[in-house]
Ligand SMILES: NC(=O)c1ccc[n+]([C@@H]2O[C@H](COP(=O)([O-])OP(=O)(O)OC[C@H]3O[C@@H](n4cnc5c(N)ncnc54)[C@H](O)[C@@H]3O)[C@@H](O)[C@H]2O)c1
């Protein structure tokens, strides 16, 4: 499978609900699956979320915007990204699309320049963009590994590189890196390359956390178990694979978009002001088992 197949443009326009999200072939992108409570927890904050045209990133962007943040949706998928922006702006918040290829240093530099011109600050960065080329180690081509390292590791690395100096200047910030349960444990159903990239994100996070705490920059990672998004369609449409994934979760269900978005919201907000360097599983107990 190519990385392109893993960044599908497909959108669920049926607005399937939480229980529907656990049916084969459905995934949750609409606000029905996200928690739209508003209490201004991110009032006046500026947030950049990578890979936010769809899936988990989109849910995080919606949640942040509902809590008062101005959100920048950084993605390669212009049409999908602009649709998300439009829908957020129609609902609650302030959203902008920003073209960003997380694998490109030049792209990061331009994106940050644009945000600084418009906002003169960046309070929150969510390094969420990620791909999974589902090929076991014995058949994975070196170029496929390179492609995964580029998006999943170089992406967050460059994100931190460009966000840190900006956050330092304005008195601090919160960086949230999207890892996975596969960044904490060996995972029997997931190819090695993915666990390699997500494990790297776990320790990138901890190192940034301890080095830049002096600048009041917090850095934490989120480790979801399987959630229903375009990335996981290929697994969740297969009844056997779906059952394997459900079977490993003590709470017995998939992670919902709200589960992840609410966790990101907490880590982004001032409520988490003493939380730094944490690798937080959002996995119904999977990694505790
Ligand atoms: N869905 C899950 O079950 C699950 C579980 C654990 C961790 N994760 C992680 O959560 C993150 C989001 O996953 P998702 O399920 O929402 O995936 P998704 O495929 O639905 O969305 C990923 C987004 O990233 C964007 N993207 C890909 N390459 C990019 C690049 N080079 N530059 C900018 N944007 C790029 C895509 O265009 C897409 O909008 C990923 O890091 C993934 O590894 C997902």
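The values are calculated or read from the model by the stated rules, or taken from the named source; none is laboratory data. All values derive from a computational prediction rather than experimental measurement. Neighbour counts run over all protein chains shown; Cβ positions are idealised from the backbone, glycine included.
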Would you say residue 82 is in a loop (DSSP other than H, G, I, E, B) and either farther than 24 Å from residue 157 by Cβ or modelled with pLDDT under 95 (or both)?
-> no
Whichever residue in the range 242-287 is on the phi > 0 side of the Ramachandran plot and either in a helix (DSSP H, G or I) or surrounded by fewer than 18 Cβ atoms within 10 Å (Cβ to Cβ) (or both) and, among such residues, is farthest from the ligand (Cβ to nearest atom) = 277
Qualifying residue in the range 54-64 (condition: under 28 Å from residue 198 (Cα atoms), more than 17 Å from the chain's Cα centre (by Cα), within 10 Å of the ligand (Cβ to nearest atom) and not in a loop (DSSP other than H, G, I, E, B)) = no
Taking the range 105-128 and keeping residues within 15 Å of the ligand (Cβ to nearest atom) and in a strand (DSSP E or B) leaves 125, 126, 127
Of the conditions (1) within 15 Å of the ligand (Cβ to nearest atom); (2) over 16 Å from the mean Cα position of the chain (by Cα), residue 102 clears all except one; give me its number.
-> (2)
Quick check: anything in the range 205-217 more than 16 Å from residue 126 (Cβ to Cβ), within 15 Å of the ligand (Cβ to nearest atom) and over 18 Å from the mean Cα position of the chain (by Cα)?
-> no
Please enumerate the residues belonging to the range 102-122 that are surrounded by 15 or more Cβ atoms within 10 Å (Cβ to Cβ) and closer than 14 Å to residue 157 by Cβ.
-> 102, 103, 104, 107, 108
Quickly run through the range 237-275 and pick out the residues that are more than 19 Å from the chain's Cα centre (by Cα) and either modelled with pLDDT under 95 or under 18 Å from residue 180 (Cα atoms) (or both).
-> 241, 242, 244, 245, 246, 247, 248, 249, 250, 251, 252, 253
